[in-house]
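Here is the structure we will look at, set down as structure tokens.
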Amino acid sequence: MIVYRDAKADDGEKLAAMAKAAFTETFGHLYPAADLNAFLDEAFGPEGLPAQIGDPAFTILVATEHDAIIGFAKLGPVGFPGEWPEDAVELYQLYVLSSHLGAGIGPALMDWAIATARAGGASQLILSVYVDNHRAKAFYARYGFVDVGRYDFPVGDTIDEDRIMRLSL
């Protein structure tokens with residue numbers, strides 16, 4: 001049975017390991033090892049995702065099965081350059097392990113993200129998605145997200161084209 005709950009401080013290492021695994025299985029083949037490792041260390045190392053658990057600026061929901069973290073979503077303040085409403089919220093990550101794709105975890109996490117943003121009074125939910133991640137772009141479009149521009153996403157020294165997508169709440 002899949003259980004959804006807020007991330008707890010002692011989830012840090014397990015959540016970081018899950019995030020590294022999900023990113024690597026989806027995108028790892030795109031990058032030189034040095035760039036991939038630099039990104040994983042920055043985003044999911046001790047000063048990254050684990051440090052954001054309990055930070056009042058971020059809200060993290062995890063999906064677990066048999067006490068193993070198999071997915072998560074993280075909301076926080078918009079970090080993209082540009083003009084964004086003060087009440088906009090960013091969906092930083094919505095990750096599900098490939099072994100659990102199709103089990104309804106992604107939709108459950110997205111429903112939570114939208115409901116949480118609305119409950120917090122947000123007018124917009126903003127995210128970025130890799131330009132060639134067609135599955136994810138179609139998923140977000142089904143929820144009403146629209147493409148509003150380009151974002152250069154650094155993975156080590158590699159710069160990817162991401163698309164910024166916005167949902168008006």
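The values are calculated or read from the model by the stated rules, or taken from the named source; none is laboratory data. Here the structure is a predicted model, which means the values were calculated and not measured. Here Cβ is always computed from backbone atoms with ideal geometry, including for glycine, and neighbour counts include all displayed protein chains. Accessible surface areas use protein heavy atoms only, side chains included; no ligands, DNA or RNA. Shrake-Rupley method; radii C 1.70, N 1.55, O 1.52, S 1.80 Å.
Cβ separations smaller than 9 Å between residues 6+ apart or across chains give the following pairs from region 75-96 residues that are within 17 Å of residue 154 (Cβ to Cβ) to residues that are at pLDDT 95 or above and basic (Lys, Arg): 90/74; 92/74; 93/74. Being under 13 Å from the mean Cα position of the chain (by Cα), modelled with pLDDT of 95 or more and open to solvent by 40 Å² or more (accessible area, probe 1.4 Å): is that true of residue 143 here? Answer is no for this residue. Figure legend. Inter-residue proximity from region 133-153: first residues outside any helix (DSSP H, G or I), second residues open to solvent by 50 Å² or more (accessible area, probe 1.4 Å) and of a type in the set (A, V, I, L, M), beta-carbon distance below 6 Å, spacing 6+ or different chains. Indicated pairs: 152/159.
Against the list (1) open to solvent by 70 Å² or more (accessible area, probe 1.4 Å); (2) at pLDDT 95 or above, the condition residue 54 fails is (2). Counting only residues that are assigned to a loop (DSSP other than H, G, I, E, B) and open to solvent by 50 Å² or more (accessible area, probe 1.4 Å), region 99-131 holds 4 of them. Of the residues making up region 42-98, those that are within 17 Å of residue 14 (Cβ to Cβ), of a type in the set (D, E, K, R) and not in a loop (DSSP other than H, G, I, E, B) are 65, 74.
Mind checking which pairs have a first residue in region 22-38 that is touching a residue at least 12 places away in the same chain (Cβ under 8 Å) and farther than 14 Å from residue 93 by Cβ and a second that is open to solvent by 70 Å² or more (accessible area, probe 1.4 Å) and not aliphatic (A, V, I, L, M), Cβ under 7 Å, 6 or more apart or different chains? Within 7 Å, the pairs are 35/157. Return the residue satisfying two criteria in turn: it lies in region 155-169 and is touching a strand residue (DSSP E or B) at 6+ places or on another chain (Cβ under 8 Å) and open to solvent by 40 Å² or more (accessible area, probe 1.4 Å), and of such residues it is farthest from residue 35 (Cα to Cα). Among those that are touching a strand residue (DSSP E or B) at 6+ places or on another chain (Cβ under 8 Å) and open to solvent by 40 Å² or more (accessible area, probe 1.4 Å), it is 169. Taking the stated definitions as given, is residue 74 within 20 Å of residue 3 (Cα to Cα), of a type in the set (Lys, Arg) and surrounded by 13 or more Cβ atoms within 10 Å (Cβ to Cβ)? So residue 74 passes the test.
Residue under question is residue 35, and the condition is that it be out of contact with any Phe, Trp or Tyr (no Cβ under 9 Å at 6 or more places or on another chain), open to solvent by less than 30 Å² (accessible area, probe 1.4 Å) and either of a type in the set (Asp, Glu) or not in a helix (DSSP H, G or I) (or both); does it hold? In short, yes.
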